[in-house]
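> To start, I am sharing the structure in question, which I have written as structure tokens.
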Amino acid sequence: MSNPGPRRRSAAACLVATTLLATAACSGADTTALGGDPADAAKLKLTATTPAAKGRQDKVNWLLEDEPDSLDLDTQGSSAGRVVLTNVCERLYQLQPDMSIKPLLAAKARTPDDRTLVLTVRDGVTFHDGSKLTADDVLWSLKRHADPDMEQADEFGNVRSMRKTGAREITIRFKAPDALFTKALAGDAGIVWNKEQVTAAGKEFGTPGQGDACSGPYELSGWKSGDSLTIKAYDGYWGKKPLTRQVTFRWASDSALVNALRTGAADGTYAESPNTASALRTAKGIDRHYGPSTASLVLIPTARGGLKDPQIRRALSLAVDREGIARSGYGGLVQPWATPVGSGAWGYEKPRFAAAQRKLASSAPASPTADDLAEAKKLVKSAGAPADPVVIGTDSSQGRTVVANAVRAALQRIGLKGQIKTVPTAQFEEFYSDPQARADIDVLVGDWYISKADPMGFYDNGLSDSSNNWVGFKDATYDKLVHRALGTLDDARRAALAVDVQRRFVDAAVWIPLAQVPSALVLDDRMTGPPASQSYLYYPWAAELGLKKG
């Protein structure tokens, strides 16, 4: 599934409770105030990992932007809970720092035909209460995830049956070939719960005072609601022992988060905003790392007004100043981008996807040239300029305000009028979830990420019947290619189809891409080891966190 800005769930996506691009305690468009450099967007280097740690660490203090609502990711799939539990709860597959996947609690996986997946459950694994992980636990967990009331239910829509077919074997059969299912098993749909522990806890599972019901390098050792949450290394872990013995999580946002890192009260955080890292650029004793992410900053048009015409949408894409947005809105720490999904989605066939991204840059220039604007004006003339202003939906956060102003300026450059509609940040999520909330806007300043490292986890948003296809794009060939790609198990063949689908989506400007948004890791400069990529949401990052010196 993919994930829009304030993360909610949908057939193609889940949206985060706080906006992925919410800014730190900064205001105005002054790059210097953000700690930015006008050239940063061009020279920003993304690395999936940080240098390996050499020394062990007893205790680490880590910051989240929110306290988890629950530690049951089946019922509350928040990013805060996920950052904690990725160290505690293992999955059947594991997302790697380079955004590829490999079997984990499934020791082996085979596909006797393109509609069957056979998993061999790893032997010798224990839950944190000491009980052995069994195939029965795996099957029960999969069925719990698939329950219609659970967060991951839509990942199982193509599953025909799930059965235990051996002492340590689970067989899953599909209605049609499903290329993304194993990627879902590297996410929350692949968590294996301790059946007895979850059942005994009932509705209290995932709340303070309850056990974690997982296997993994760490176990939950305490949760003081409103104060802190602690995990400690599990001595009976079947795999490599963690470098850091204990991690205590606390939560803060905006200036409080920045100050805690600046003063050394906290050792690190995965910042939901690049501007958090930017605000710490001049702070001593802090390292900042940026990694590949699937996240993007986008404009999502509706069919209400002038942007229902694809020529007007293409004209806007040619005229908007992406480099200016990156510099003024995000301190140079997002990158102008020509597709609506970040490079972290390239979990396979990276060279092919990178080449396809470069080819599309002419339709989404970093900074529009005179030729770009001339072409945009031709498109407007051909379509017929809309008489009414294009209404731009946003909130008052700095990044979105900069984007909204840049969109209005782009419209003016090509002879069109723009009008900004600002709503309170608390109300902004309604634009995504409620058609009535966006009934008076023509385009939303949005952000999006996908949980699977595969571009095809995004492009179902352009299907004719997708709830996220707000502009009413309909193309039978596009729909056919998307479904074919989703059923193509061979990576090279699926990548070829994905590139074709991507080109059609961008050519039609179903959404208008602006920038990719890297993951941002902020860390005490004595420490190193965890991944910098978006894998931190699904990979046990704390186990590799340690000291630079042995």
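> Do the conditions hold for P274, that is, is it in contact (Cβ under 8 Å) with a residue 12 or more places away in the chain and within 30 Å of A107 (Cβ to Cβ)?
Values: in contact (Cβ under 8 Å) with a residue 12 or more places away in the chain: yes; within 30 Å of A107 (Cβ to Cβ): no.
Answer is no for this residue.
> Could you tell me which numbered condition M150 fails, if it satisfies all but one of (1) over 13 Å from R91 (Cβ atoms); (2) in contact with a His (Cβ under 6 Å, 6 or more places away or on another chain); (3) of a type outside the set (V, I, T)?
Checking M150 against (1) over 13 Å from R91 (Cβ atoms); (2) in contact with a His (Cβ under 6 Å, 6 or more places away or on another chain); (3) of a type outside the set (V, I, T), the one that fails is (2).
> Continuing with this model, one more query. Of all residues in the range 442-470, count the ones that are within 27 Å of V402 (Cα to Cα) and touching a Lys or Arg at 6+ places or on another chain (Cβ under 6 Å).
Residues that pass the stated criteria total 2.
> Right, here's the next one. Can you give me the ranges of the helices (runs of 4 or more DSSP H) entirely in the range 134-206 with at least 3 residues that are outside the structural domain of V83 (by TED's automatic domain parsing), surrounded by 15 or more Cβ atoms within 10 Å (Cβ to Cβ) and modelled with pLDDT under 95? Walk me through it before giving the result.
On the way: elements: 135-146, 181-184, 195-201.
Filter on the range 134-206 gives an empty set.
> In the same structural domain as A345 (by TED's automatic domain parsing) and either in a helix (DSSP H, G or I) or in contact with a Ser or Thr (Cβ under 6 Å, 6 or more places away or on another chain) (or both) - does that describe any residue in the range 294-307?
yes
> Would you mention how many residues in the range 250-293 are under 23 Å from the mean Cα position of the chain (by Cα) and assigned to a strand (DSSP E or B)?
Residues meeting the conditions: 11.
> Next up: So which residues in the range 112-128 are exposed (fewer than 15 other Cβ atoms within 10 Å of the Cβ) and either touching a residue at least 60 places away in the same chain (Cβ under 8 Å) or hydrophobic (A, V, I, L, M, F, W, C) (or both), if there are any at all?
G124
> Run P340 past the list (1) surrounded by fewer than 22 Cβ atoms within 10 Å (Cβ to Cβ); (2) within 21 Å of the chain's Cα centre (by Cα) and report the number of the one that doesn't hold.
(1)
> Residue under question is D72, and the condition is that it be under 30 Å from A176 (Cβ atoms), under 23 Å from the mean Cα position of the chain (by Cα) and either outside the structural domain of R250 (by TED's automatic domain parsing) or part of a loop (DSSP other than H, G, I, E, B) (or both); does it hold?
Working: under 30 Å from A176 (Cβ atoms): no; under 23 Å from the mean Cα position of the chain (by Cα): yes; either outside the structural domain of R250 (by TED's automatic domain parsing) or part of a loop (DSSP other than H, G, I, E, B) (or both): yes.
So D72 does not fit the description; no.
> Taking the residues in the range 327-352 that are assigned to a helix (DSSP H, G or I) and in contact with a Pro (Cβ under 6 Å, 6 or more places away or on another chain) as candidates, determine which candidate is nearest to S535 (Cα to Cα). Quick ask: steps written out before the conclusion?
Within the range 327-352, the first condition is being assigned to a helix (DSSP H, G or I), and the residues that meet it are 327-330, 343-345, 350-352.
Filter again for in contact with a Pro (Cβ under 6 Å, 6 or more places away or on another chain), leaving 327, 330, 343-345.
Working: R327: 26, Y330: 22, S343: 13, G344: 9, A345: 11 Å.
Among those residues, the one meeting the criterion is G344.
> When you scan the range 372-486 for helices (runs of 4 or more DSSP H) that lie fully inside it, which ones turn up with 3 or more residues that are more than 23 Å from the chain's Cα centre (by Cα) and assigned by TED's automatic domain parsing to the domain that holds Q311?
Filter on the range 372-486 gives 398-413.
> Continuing with this model, one more query. So which pairs qualify, if the first residue must be in the range 416-444 and free of Cβ contacts under 8 Å to residues at least 40 places away in the same chain and surrounded by 14 or more Cβ atoms within 10 Å (Cβ to Cβ), the second must be among the polar types (S, T, N, Q) and part of a loop (DSSP other than H, G, I, E, B), the Cβ gap must be under 6 Å, and the two must be at least 6 apart or on different chains?
T422/S396
> Return a yes/no flag: does the range 291-309 have any residue that is under 24 Å from L547 (Cα atoms) and touching a residue at least 60 places away in the same chain (Cβ under 8 Å). Working first, answer last.
In the first step, residues of the range 291-309 are kept if they are under 24 Å from L547 (Cα atoms); the result is 291-292.
Still in the running and touching a residue at least 60 places away in the same chain (Cβ under 8 Å): 291-292.
Within the range 291-309, one or more residues are under 24 Å from L547 (Cα atoms) and touching a residue at least 60 places away in the same chain (Cβ under 8 Å).
> Within the range 85-106, can you find the residues that are farther than 14 Å from I191 by Cβ and touching a Pro at 6+ places or on another chain (Cβ under 9 Å)?
So in the range 85-106, the residues farther than 14 Å from I191 by Cβ come out as 96-103.
Q96, P97, D98, M99, listed by residue number.
> Looking only at the range 352-387, count how many residues are touching a helix residue (DSSP H, G or I) at 6+ places or on another chain (Cβ under 6 Å), surrounded by fewer than 18 Cβ atoms within 10 Å (Cβ to Cβ), over 17 Å from V501 (Cβ atoms) and of a type in the set (D, E, K, R).
The number of residues fulfilling the criteria is 0.
The values are calculated or read from the model by the stated rules, or taken from the named source; none is laboratory data. Only a predicted model underlies this, so the values are computations on that prediction, with no experimental measurement involved. Using ideal geometry, Cβ is built from the backbone for each residue, glycine included, and neighbour counts are taken over all protein chains shown.
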